[in-house]
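What follows is a short report on a single structure.
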Amino acid sequence: GNSVTQMEGPVTLSEEAFLTINCTYTATGYPSLFWYVQYPGEGLQLLLKATKADDKGSNKGFEATYRKETTSFHLEKGSVQVSDSAVYFCALANTGFQKLVFGTGTRLLVSP
Amino acid sequence: DVKVTQSSRYLVKRTGEKVFLECVQDMDHENMFWYRQDPGLGLRLIYFSYDVKMKEKGDIPEGYSVSREKKERFSLILESASTNQTSMYLCASSFDGASLDEQFFGPGTRLTVL
């Protein structure tokens, strides 16, 4: 079946530090991959996505590259801000379906 | 902007009560979803709907039912609430079942069953 594995948090960083949140997946076929972010007290919102191997999704300084050979979609940001503190979810969806499979989420805490 | 609204942010109910969680979206989306979010488990799909009056079970449908009488509204029903249904419930919608469009989420309803 399909599944997503994320690194456990919380990840605690100082402002301007480099961020990596690891995500690996197991899926049949050729899934699309997503990162969603949940700010405190809010619902999830799409951060970035990639629909095929070697695609790079990017938004708000965050990037993730779809690596089929390592079945990974790691989230990176060169310089985090306090406002990036949130819970980040990696997710996949298989072609032709709208159902998302989520990882367990990784909480990021950024201190000034 | 797409808006997905949920009827309550916080809800407290007693064991055995019938509970209705309402979700409304204002962008004419075909697809609507109900998830529950629990610490360490992420989001799990309860039910989804591709069209009015259509519903399909997700990964954890036991103890829940849904209703979609109008395109913009998707209701989650707990027929007889139990303490293990204490959770955060998130509703989402998306535009087209044939493509992998972004899902838009509501702010969530935190349900406590005593």
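Here, each number is a calculation from the coordinates, and none is a lab measurement. It should be emphasised that the depicted structure is a prediction, and the values quoted were computed from it without experimental measurement. Cβ sites come from the backbone with ideal geometry, for glycine too, and all protein chains shown count toward neighbours.
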Distance in Å, no decimals, from the C-alpha centre of region A:32-46 to the one of region B:24-66 is 16
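Nearest 20 debye, what's the magnitude of the dipole of region A:13-78 about its Cα centre given +1 on Lys and Arg Cβ and -1 on Asp and Glu Cβ? Can you show the working numbers first?
On the way: 7 positive and 8 negative charges, 52 e Å.
For this selection, approximately 260 debye.
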Mean other chain Cβ within 10 Å across B:103-112 is 3
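Counting only other chains, and only Cβ atoms inside 10 Å, what mean value do you get across the residues of A:46-53?
Details: counts 5, 0, 0, 3, 0, 2, 0, 0.
For this peptide, the per-residue mean of nearby foreign Cβ atoms is 1.
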Checked chain B against the a/c 1.5 cut and the a/b vs b/c comparison, axes a ≥ b ≥ c from its Cα gyration tensor; verdict prolate
Answer with one residue from B:PHE20, B:LEU43, B:PHE104: the one whose Cα lies farthest towards the positive end of the charge dipole of chain B, charges on Cβ with Lys, Arg +1 and Asp, Glu -1.
-> B:PHE20
Normalized C-alpha radius of gyration of region B:9-63, against 2.2 N^0.38 Å?
-> 1.29
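Can you put A:LEU33, A:LEU109 in order, fewest other beta carbons within 10 Å first? Could the numbers behind the result be given before it?
Numbers: A:LEU33 28, A:LEU109 14.
If I rank by nearby Cβ atoms, fewest first, I get A:LEU109, A:LEU33.
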What is the set of long-range amide H partners of A:LEU109 at a cut-off below 5 Å, with H atoms built 1.01 Å from backbone N?
-> A:VAL11, A:THR12, A:LEU13
Calc'd 3J(HN,Hα), region A:43-49, phi into Karplus 6.51 cos²θ - 1.76 cosθ + 1.60 (θ = phi - 60°), Hz, glycine/Pro = x, comes to x, 7, 9, 5, 9, 6, 8
